[in-house]
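Right, one structure below, let's go through it.
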């Protein structure tokens with residue numbers, strides 16, 4: 001019998017989806033021109049605040065991808081983005097002038113005025129070990 005210290009720890013889920021985000025991803029995935037393995041989410045350098053979120057269809061799962069299954073949707077996270085996205089909820093917002101995916105990220109320290117780029121800090125190691 002495993003003791004608490006020898007039991008494998010459950011894997012931490014890097015991101016989660018709101019119901020609205022999951023529904024929208026299912027909707028747009030169903031209209032994809034060819035079969036997809038999931039939606040790849042990441043971050044890249046750029047924009048006036050320093051970084052921006054990326055999203056694209058993924059035709060296959062890369063061996064190093066962090067795979068998140070939430071609400072019937074598969075999200076593939078670039079391994080270089082994991083610490084920047086840890087604890088993030090992806091939502092889908094509709095208002096009078098726009099409809100867009102929104103990232104509610106506890107690692108975000110600021111954003112530019114246009115909302116296209118953000119400043120992110122990697123999650124601290126103590127936060128990861130507490131999860």
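The values are calculated or read from the model by the stated rules, or taken from the named source; none is laboratory data. As the structure is a prediction and not an experimental result, all values here were calculated from the model. Backbone-built Cβ (ideal geometry, glycine too); neighbour counts: all protein chains shown.
Tabulated values for the structure
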{"read-out": "Any hit, region 107-118, residues being modelled with pLDDT of 85 or more and within 13 Å of the chain's Cα centre (by Cα)", "value": "no"}
{"read-out": "Members of region 16-50 that are outside any helix (DSSP H, G or I), in contact (Cβ under 8 Å) with a residue 24 or more places away in the chain and over 14 Å from the mean Cα position of the chain (by Cα)", "value": "32, 34, 35, 37, 46, 47, 48, 49, 50"}
